[in-house]
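Report on the structure given below.
The values are calculated or read from the model by the stated rules, or taken from the named source; none is laboratory data. If you're wondering where the values come from, they're calculated on a predicted model, not measured in any experiment. Heads up, the Cβs are rebuilt from the backbone with ideal geometry, glycines too, and the neighbour counts pull from every protein chain shown.
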Amino acid sequence: MTTRTCENFKLTAMTAALLAASVPALAAEGDDVTRHTKPESSVEVGIGYVDSDNQRFGVYNGLRKDGVHALVDLRVVHRDDVTGTWLKFTGRSLGLDNRELRFEHNRQGNWGYFLEYGETPRHNPFDIRTRLSGAGSIAQTVNGVATPYNLELKTKRDALTLGLEKILVGGFSVQVRFKNEEKDGARMFGQGGAGINFLTDPINQTTRQLDVVLAYTGSKLQLSGGYYGTRFENHNNQINVTGGLAGQTPMALPPDNQSHQLYLSGGYSFTPTTRGTFKAAYTHQTQDEDFTILPTLSGRTYLGGVVDTKLLQAGITSRPLPKLSLMGDIRYEDRPDKTIIARYNTAGATHDGFNEPRSMRSLTGKAEASYSLPMGFRLTGGFDYDQRNRNFSPLRAVSAREETEEKSWRVELRRSMSDTVTGALSYVHSDRDGSPFLTTRINTGQFGSNLIAPPHLADREREKIRLSLSWTPTDELSLQFFADESRDKYTPRTPLGFGSGSGKAQNYTLDTTYAFSQSLNASAWYSRNDSRSNQSTCSTIQVVAATGVMTCDAPQIAHATNLRNVGDSFGLGLRGKPMDRMEIGADLSYSDINDEYREQRLNGAFAAGTLLPPDVSTKITSLKAFVKYAIQKNSGIRLNYIYDRVATNDWTWTNFTYSDGTRVFQDPNQKTHFIGVSYYYRWQ
């Protein structure tokens with residue numbers, strides 16, 4: 001009897017201990033279920049203060065001006081447990097210029113719809129001092145006012161989106177999305193010729209998008225097809241300029257245009273280890289708005305722009321053996337430009353006045369095989385192919401070729417060196433060449449420039465090596481390292497060796513995370529990007545009239561430059577809960593980006609005394625921190641702080657002056673502080 005009592009006590013105590021140990025997990029799981037079946041509604045209201053007017057910090061976020069700003073966020077959620085119907089209303093940044101609103105109503109697995117509204121401001125990041133009158137309108141006068149004034153430019157997008165969804169029988173579903181976007185304001189513009197006059201582009205545009213999708217989901221086959229259409233309307237079709245350059249008024253603005261696309265995509269699982277995918281699309285794009293400025297040569301009243309694009313893609317992935325994986329993909333796109341060709345301008349030395357339709361046809365593909373080797377190794381090999389065909393006008397000022405073809409071979413060796421370390425090393429070799437370069441002639445019948453091949457058309461050989469490592473020495477610490485280096489070698493168009501000569505790029509990234517405890521963790525990262533390019537050209541050439549052979553005119557006019565872009569960035573992050581009622585977080589990032597004009601050579605020799613353009617350096621620092629304190633379980637206060645600094649010596653916008661005297665400049669050292677205090681309340 002006593003023994004049984006002791007045994008019962010032991011079992012009861014053990015059960016109680018197990019239950020006690022499982023209570024936190026069960027409670028957490030219960031909270032998780034409650035959160036998904038009855039999610040919380042919340043409202044957060046506060047004020048934010050920006051210490052100064054700024055050029056960069058508030059370009060898109062509505063915090064461009066100094067002073068107090070309203071901070072309002074709202075989320076209301078209701079669920080009918082009987083029908084499984086959800087009703088949601090969300091509002092973000094309601095007191096700022098970048099506010100968002102969304103109303104959503106849906107029944108799980110049956111139907112749903114939403115209505116969404118969003119505003120996106122864009123402030124011009126430069127200071128402008130001008131005498132232009134009529135800024136932002138279709139009638140502008142260069143130096144129309146006597147005294148220069150400070151001009152602030154801004155655009156704003158107002159987007160309204162409606163979405164509908166219905167689940168049909170038999171695995172079918174239909175979705176409809178319609179978006180209407182209104183864009184208003186003004187941005188920097190200009191009138192060029194013998195000089196450049198400052199103008200503004202008066203923005204008053206409407207863009208509409210319609211997407212209708214019919215989808216099917218089966219056990220093996222999935223399909224998605226439909227219609228996607230867009231229409232762009234510019235309510236301002238021209239600018240009338242007074243006091244500007246002769247013969248350049250009125251000035252046409254972007255015309256209305258539209259596009260219509262039909263598409264079908266899907267996938268099919270042939271076996272549990274083999275799956276195929278495909279996509280087919282046809283797009284008809286037109287631009288047929290009547291000219292607001294009638295041409296004097298062709299007599300046409302509209303462009304008649306037509307581009308029809310056909311797209312076909314197919315891919316397959318398979319695992320025929322437990323250790324072998326295969327993948328293949330091919331994509332074909334044909335984009336013929338059917339725009340009517342007519343003369344719109346008076347012929348000049350390098351052109352005949354006709355418009356030049358630009359067609360493009362591309363064929364790309366890739367194949368890859370991966371095999372698991374002994375000792376934890378995995379070997380992957382692949383081949384990539386890229387062929388592009390273009391058309392060019394018979395009259396050109398620069399070199400051209402109709403076809404380029406690039407082939408790439410790659411191999412990767414990956415190994416799990418232990419339970420905590422994984423590494424991979426890969427190598428890629430690419431060769432690009434193409435059809436013979438076309439002989440360039442100008443409108444006078446003479447030979448044009450045939451010395452330099454544009455970088456995207458030139459023969460190029462590229463070598464790239466890549467290393468990645470992932471290490472998790474403890475449950476609390478993890479590190480990832482990534483590095484790659486590529487080298488480009490360009491084959492010159494002529495034996496003179498002009499154009500892009502060589503290039504080099506290096507990228508390094510290090511990420512780490514560490515959990516000090518369950519309530520405190522930190523992260524850090526560092527990256528470096530270094531790109532270099534060597535280029536050469538000739539300022540004066542001699543052409544043999546009979547053959548078109550070109551030489552660099554003597555003496556001492558062959559130029560070579562060495563350019564470099566290098567950037568270093570790092571960041572720190574911290575998240576924690578030092579006490580039950582308090583949460584903290586902080587993110588610090590810093591970037592130092594430099595454009596370097598390293599040297600200039602003349603006929604292979606260093607050009608002593610030659611003035612190089614100054615290097616451009618930009619440093620960006622950002623600190624974002626918050627403290628959240630719960631006054632009660634469902635309410636509390638939140639404190640936010642942001643420090644933003646942009647320092648640059650970009651000489652291209654240091655007191656830039658237009659021909660009419662308009663000045664454009666920026667603060668070389670911009671500092672902005674933001675402090676926000678808000679109260680939040682949550683309920684179910």
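Before moving on, here are some points about what is shown:
- Test: residue in the stretch 656-665 that is in contact (Cβ under 8 Å) with a residue 40 or more places away in the chain, part of a loop (DSSP other than H, G, I, E, B) and surrounded by fewer than 16 Cβ atoms within 10 Å (Cβ to Cβ): yes
- Every pair of residues 6+ apart whose Cβ atoms lie under 7 Å, when the first sits in the stretch 199-222 and is closer than 21 Å to E165 by Cβ and without any contact (Cβ under 8 Å) to a residue 12 or more places away in the chain while the second is of a type in the set (G, A, S) and surrounded by fewer than 16 Cβ atoms within 10 Å (Cβ to Cβ): none
- Looking across the stretch 348-376, just one residue is modelled with pLDDT of 95 or more, among the hydrophobic types (A, V, I, L, M, F, W, C) and over 30 Å from P320 (Cβ atoms), and that is M360.
- Taking the stretch 298-325 as the range and being part of a loop (DSSP other than H, G, I, E, B), hydroxyl-bearing (S, T, Y) and in contact (Cβ under 8 Å) with a residue 12 or more places away in the chain as the test, only S298 passes.
- When D384, D308 are checked against the criterion of being touching a His at 6+ places or on another chain (Cβ under 6 Å), modelled with pLDDT of 95 or more and among the acidic types (D, E), a single residue qualifies: D308.
- For the stretch 292-307, the count of residues that are within 30 Å of N450 (Cα to Cα) and of a type in the set (F, W, Y) is zero.
- Residue satisfying all of: in the stretch 442-457; within 12 Å of V398 (Cβ to Cβ) and crowded, with 16+ Cβ neighbours inside 10 Å; nearest to the chain's Cα centre (by Cα) among these: L457
- In this structure, R410 does not satisfy being among the charged types (D, E, K, R), in a strand (DSSP E or B), more than 30 Å from T537 (Cβ to Cβ) and in contact with a helix residue (DSSP H, G or I) (Cβ under 6 Å, 6 or more places away or on another chain).
- Residue selection: S678 satisfies the criterion of being of a type in the set (S, T, N, Q), surrounded by 16 or more Cβ atoms within 10 Å (Cβ to Cβ) and in contact with a strand residue (DSSP E or B) (Cβ under 9 Å, 6 or more places away or on another chain).
- Applying the criterion of being over 16 Å from T380 (Cβ atoms) and hydrophobic (A, V, I, L, M, F, W, C) to the residues of the stretch 316-342, the residue that is nearest to the chain's Cα centre (by Cα) is I330.
- Residues satisfying the stated conditions in the stretch 481-520, i.e. surrounded by fewer than 16 Cβ atoms within 10 Å (Cβ to Cβ), without any contact (Cβ under 8 Å) to a residue 24 or more places away in the chain and not small (G, A, S): E485, P495, Q518
- Within the stretch 57-72, the only residue that satisfies the criterion of being part of a strand (DSSP E or B), free of Cβ contacts under 8 Å to residues at least 60 places away in the same chain and under 29 Å from the mean Cα position of the chain (by Cα) is V72.
- Qualifying strands (runs of 3 or more DSSP E) (wholly inside the stretch 157-258; at least 2 residues being at pLDDT 95 or above, of a type in the set (D, E) and in contact with a strand residue (DSSP E or B) (Cβ under 9 Å, 6 or more places away or on another chain)): 172-192, 196-217
- Residue selected from the stretch 118-153 under the condition in a strand (DSSP E or B) and more than 31 Å from the chain's Cα centre (by Cα), by the criterion surrounded by the most Cβ atoms within 10 Å (Cβ to Cβ): Q140
- In the set Y385, Y427, Y371, only one residue is loosely packed, with under 14 Cβ neighbours inside 10 Å and part of a strand (DSSP E or B); that residue is Y427.
- Selection within the stretch 468-517: residues that are of a type in the set (V, I, T) and closer than 23 Å to G434 by Cα. The member of this set that is modelled with the lowest pLDDT is T494.
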